[in-house]
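Structure record follows, encoded as structure tokens.
The values are calculated or read from the model by the stated rules, or taken from the named source; none is laboratory data. On a predicted model such as this, the values are computed, not experimentally measured, just so you know. Don't worry about glycine lacking a Cβ; one is built from the backbone with ideal geometry, like all the others, and counts go over all protein chains shown.
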Amino acid sequence: MTTEIEIQVGLKSGMADPEGVNVKKALNLLGINSVRKVESIKCYKIIIEKNEPEAIQEAEEICKKLLANPVVHEYSISVAK
């Protein structure tokens, strides 16, 4: 059995996000002024050869050990539909 997991990793509130700031500036230069804020988030799609509960648990371990630095990042894990 395989489970497709989506993991989103982003900066915690209050952390500087230069990529998001630059995208917002570029939008303003293009005349798109209605965008209030842009935040950058990385999304990973991982296929794990385990059932859903075990796959979620393994994804949690992946985040803690590799994808997210707990000092600056927050992450969410979901099962892809």
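Do we have any residue at all in the stretch 70-81 that's aliphatic (A, V, I, L, M), at pLDDT below 95 and either surrounded by 13 or more Cβ atoms within 10 Å (Cβ to Cβ) or not in a helix (DSSP H, G or I) (or both)?
Yes, there is a match, as at least one residue in the stretch 70-81 is aliphatic (A, V, I, L, M), at pLDDT below 95 and either surrounded by 13 or more Cβ atoms within 10 Å (Cβ to Cβ) or not in a helix (DSSP H, G or I) (or both).
Can you pull out the residues in the stretch 57-71 that are of a type in the set (A, V, I, L, M, F, W, C) and touching a strand residue (DSSP E or B) at 6+ places or on another chain (Cβ under 6 Å)?
Hits for the stretch 57-71 are Ala59, Cys63, Leu67, Ala68.
Please determine, by comparing only the residues of the stretch 1-33 that are assigned to a strand (DSSP E or B) and within 13 Å of the chain's Cα centre (by Cα), which one is farthest from Val79 (Cα to Cα).
Across the stretch 1-33, the extreme among qualifying residues is Leu11.
Are any residues in the stretch 34-68 assigned to a loop (DSSP other than H, G, I, E, B), loosely packed, with under 10 Cβ neighbours inside 10 Å and free of Cβ contacts under 8 Å to residues at least 12 places away in the same chain, and if so, which ones? Break it down into steps so the answer makes sense when it comes.
The initial filter retains those residues of the stretch 34-68 that are assigned to a loop (DSSP other than H, G, I, E, B), namely 34-40, 49-51, 68.
Those left that are additionally loosely packed, with under 10 Cβ neighbours inside 10 Å: 34, 36-37.
Of everything in the stretch 34-68, those that are assigned to a loop (DSSP other than H, G, I, E, B), loosely packed, with under 10 Cβ neighbours inside 10 Å and free of Cβ contacts under 8 Å to residues at least 12 places away in the same chain turn out to be Ser34, Arg36.
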